[in-house]
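The values are calculated or read from the model by the stated rules, or taken from the named source; none is laboratory data. Predicted model only: the values in this text are computed from it and were never measured. Cβ placement follows ideal geometry from the backbone for every residue including glycine, while neighbour counts extend to all protein chains displayed. Side chains are part of the model used for accessible areas, which takes the heavy atoms of the whole protein and leaves out ligands, DNA and RNA. Shrake-Rupley method; radii C 1.70, N 1.55, O 1.52, S 1.80 Å.
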Amino acid sequence: MKFQIECNSFKNNQMCLICNQLFQMSEARLIVCSDEGDGFGDICPECIGMGPYWIKSQLQHFSSSLST
Ligand SMILES: [Zn+2]
């Protein structure tokens, strides 16, 4: 599980992987990927603002359900 920051040129709505709220993507998007590079989804600015440790702890939950 890793994070990837990408530049984004569209302004469409995305669902946040952590809080499941729709948000409008900004110019920089934070994408959660597996170690193999598969993208799981985007994280909203609000969740990004909670900090990397918080995000990781939320995602541990998520990745344990994926790896089973
Ligand atoms: Zn969120």
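Restricting the chymotrypsin sites (Phe, Trp or Tyr not before Pro) of the stretch 1-49 to loop positions (DSSP other than H, G, I, E, B) with no more than 12 neighbouring Cβ atoms within 10 Å leaves Phe10.
Relative to the dominant Cα principal axis of the chain, helix 52-66 is inclined by about 60°.
Here the sum of -39500 (n - 2.57) over DSSP H runs of 4 or more residues, divided by the residues of the chain, equals -8000 deg cm²/dmol at 222 nm, to the nearest 500. Backbone geometry of the stretch 2-11 corresponds, through the Karplus equation with coefficients 6.51, -1.76 and 1.60 at θ = phi - 60°, to 3J(HN,Hα) couplings of 8, 10, 9, 9, 10, 7, 10, 10, 9, 10 Hz, x marking Gly and Pro. For the chain, with all protein chains in place and a probe radius of 1.4 Å, 52% of the accessible heavy-atom surface sits on carbon or sulfur. Residues in the chain average 70 Å² of solvent-accessible surface per residue, probe 1.4 Å, ligands and nucleic acids excluded.
Would you mind calculating the relative contact order of the chain from Cα pairs under 8 angstrom and at least 6 residues apart, reporting the percent as a whole number?
Numbers: 98 pairs, mean separation 20.0, N = 68.
RCO, the chain: 29 percent.
Sorted from greatest to least, the principal axis extents spanned by the alpha carbons of the chain come out as 34, 24, 17 Å. Evaluating 6.51 cos²θ - 1.76 cosθ + 1.60 at θ = phi - 60° for every residue in the stretch 14-28, the Karplus couplings come out as 10, 8, 6, 5, 8, 9, 6, 9, 6, 9, 8, 5, 9, 5, 10 Hz, glycine and proline recorded as x.
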